[in-house]
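Reviewing the structure listed below.
The values are calculated or read from the model by the stated rules, or taken from the named source; none is laboratory data. Since the structure is predicted, the reported quantities are computational estimates derived from the model, not experimental observations. Here Cβ is always computed from backbone atoms with ideal geometry, including for glycine, and neighbour counts include all displayed protein chains. Areas reflect the complete protein model, heavy atoms only, side chains present, ligands, DNA and RNA absent. Shrake-Rupley method; radii C 1.70, N 1.55, O 1.52, S 1.80 Å.
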Amino acid sequence: MARQSAELSVILPSFNEAANIPILVELLDKTLAGIAWEAIVVDDNSPDGTTEVARTIAASDPRVRVIRRIGRRGLSGACIEGILASSAPYVAVMDADLQHDETMLPKMLAELQAGNADLVVASRKVDGGTVGEGLSSIRAWGSNIANSLAQKLLNVTLEDPMSGFFMIRREKAEALAPKLSPQGFKILLDLVSSAKGSLRIKELPFTFRERQHGESKLDTLVTFDYFGLLLAKYFGDIISVRFLMFGLVGASGLIVHLIALRVFLLGGLEFNMGQTAASFVAMTSNFFLNNQLTYRDRRLHGMRAVVGLLTFYAVCSVGVLANVGVANLIYADPSYWWFAGTAGAIMGAVWNYAASSALTWRKS
C-alpha cells in the first residue's frame, strides 16, 4: 500500500546533532499524530555521525529523509535545499537542537490551512512569548539589537525577525528561493525582506527552550554574517552577501593595518617598509577571518589552509603594490600617515576579492 503523501515537511538543518535527532523524531511522531508529515534532515557532513544516525532512523521510518551536504555549510543554504526537496504544500523550519517547541507545529499548520496567513512565525517577542532559558543575557541583548536593526533598516514589521522557527506555504517559498542567500543563519529575515510585503504573516507566541545536548553553532563571527545579509538586503541585493562579508572583513583588516603601521613607524621603520609590513599583517588577519566566515562553505583546513594563505599572499601582491604606490604618493606629512595608509589599503580591495574568490577559495 502506497504511503500517504506528506501534508507537512519539517526541515531540520543540522550540524553535530546526533544525540538530538532521535529524540526530535519521537517528539514529532507524538505531536503530529493524525497529520501526514515528513522530516527532512539536512546535515552539513557532521563529524559526530548525525547523517548516519538520521539514516538509521530513515531505514525503518519512511517519513524521515536525509540530505547530506559536502563542501557546503550554513543554516540558510540547508533550509533552502530542504524546502526545495519537499513536495508537501506546507513546510516548517525548526532547529534540531530541541530549543524549538514542536507542539507549536499543529497550531501553525492550522493557521495556514485556514487560509489566515502565508507564513506563520513562532515568536519570542509577541505577548505570551519569551526567550525562557534558551538564550544567555548577552545573546538575548544581541538578538534585541539585531531585531531592531532589521525592523528599522529593512522596514520588516515582524516582532521577531530573528526567529528560526516558522512555517510557510511551499509555493511561496519556492517563488522566493531565487532571491535568497545560501549563506548565513537568518533565513526568515531573508524570506520576509525578499518578499517585500507580499506575504501575509502571523506570529504566534512560544518559549525558547534551553539546549539539551551538543553545543550552539553560533559564534561571534556570525555577527559579521548577519550584518552582511542586512546590508545586502538594504541595497536591494545589488551586491552579493559574500562581497559585503569580504568588505566587512576588509574593514576590520583596515583597523589591523593602521595599528600595525603605527607600531612599525614608532619602531623606526621608514614609511614604505612600514606600509608593506602592515599590509602583510592585515592580509594574514583577513585570510583567517575570511576562511572562517566569508568562505565558510569552502573553508580550508590543515595543509590546504597553509597553501591557501600563501596563495592569498601571491594573488594579493598586485594589490599590495598598488597599495604601497598610492600611499607613497599621498604620504608627505607624518601627521597624515593614517590618510595615506587608508588610501593605499582601499586601492587593493577589489582586486583582492576577485583574485581570492577565483584562486584561494575556488570551488572544488
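Overview of results
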{"read-out": "Test: residue in the stretch 176-192 that is at pLDDT below 75, over 30 Å from Y353 (Cα atoms) and open to solvent by less than 70 Å² (accessible area, probe 1.4 Å)", "value": "no"}
{"read-out": "Qualifying residue in the stretch 235-252 (condition: open to solvent by 50 Å² or more (accessible area, probe 1.4 Å), at pLDDT 90 or above and of a type in the set (D, E, K, R))", "value": "no"}
{"read-out": "Yes/no for Y331 being farther than 30 Å from S181 by Cβ, of a type outside the set (K, R), loosely packed, with under 15 Cβ neighbours inside 10 Å and modelled with pLDDT under 90", "value": "no"}
{"read-out": "Search result, residues across the stretch 309-321 that are out of contact with any Leu (no Cβ under 7 Å at 6 or more places or on another chain), part of a helix (DSSP H, G or I) and either crowded, with 18+ Cβ neighbours inside 10 Å or modelled with pLDDT of 75 or more (or both)", "value": "L309, L310, F312, Y313, A314, S317, G319, V320"}
{"read-out": "Qualifying positions in the stretch 101-110 - in contact (Cβ under 8 Å) with a residue 60 or more places away in the chain and surrounded by fewer than 24 Cβ atoms within 10 Å (Cβ to Cβ)", "value": "D101, E102, T103, M104, P106, K107, L109"}
{"read-out": "Criterion (among the polar types (S, T, N, Q), open to solvent by less than 20 Å² (accessible area, probe 1.4 Å), in contact with a helix residue (DSSP H, G or I) (Cβ under 7 Å, 6 or more places away or on another chain) and modelled with pLDDT of 65 or more) met by exactly one of S123, S163", "value": "S163"}
{"read-out": "Output for the stretch 276-296, where each listed residue is surrounded by fewer than 19 Cβ atoms within 10 Å (Cβ to Cβ) and of a type in the set (F, W, Y)", "value": "F280, F288"}
{"read-out": "Matching residues in the stretch 257-275 - criterion: being surrounded by 18 or more Cβ atoms within 10 Å (Cβ to Cβ) and either touching a His at 6+ places or on another chain (Cβ under 7 Å) or not hydrophobic (A, V, I, L, M, F, W, C) (or both)", "value": "H257, G274, Q275"}
{"read-out": "Residues of the stretch 81-129 classified as under 26 Å from S181 (Cβ atoms), assigned to a helix (DSSP H, G or I) and acidic (D, E), total", "value": "1"}
{"read-out": "Extreme residue, farthest from S5 (Cα to Cα), among residues of the stretch 27-45 that are β-branched (V, I, T) and open to solvent by 10 Å² or more (accessible area, probe 1.4 Å)", "value": "T31"}
{"read-out": "Where R73 falls short, out of the listed (1) open to solvent by 20 Å² or more (accessible area, probe 1.4 Å); (2) under 19 Å from I187 (Cβ atoms); (3) out of contact with any helix residue (DSSP H, G or I) (no Cβ under 6 Å at 6 or more places or on another chain); (4) modelled with pLDDT under 95", "value": "(3)"}
{"read-out": "Residue pairs meeting the criteria (Cβ under 9 Å; at least 6 apart or on separate chains; first part of a loop (DSSP other than H, G, I, E, B), in the stretch 48-73; second open to solvent by 90 Å² or more (accessible area, probe 1.4 Å) and modelled with pLDDT under 95)", "value": "P62/R3; R63/R3; G71/K363; G71/S364"}
{"read-out": "Matching entry among P22, P47, P13 (being within 20 Å of the chain's Cα centre (by Cα) and farther than 24 Å from R169 by Cβ)", "value": "P47"}
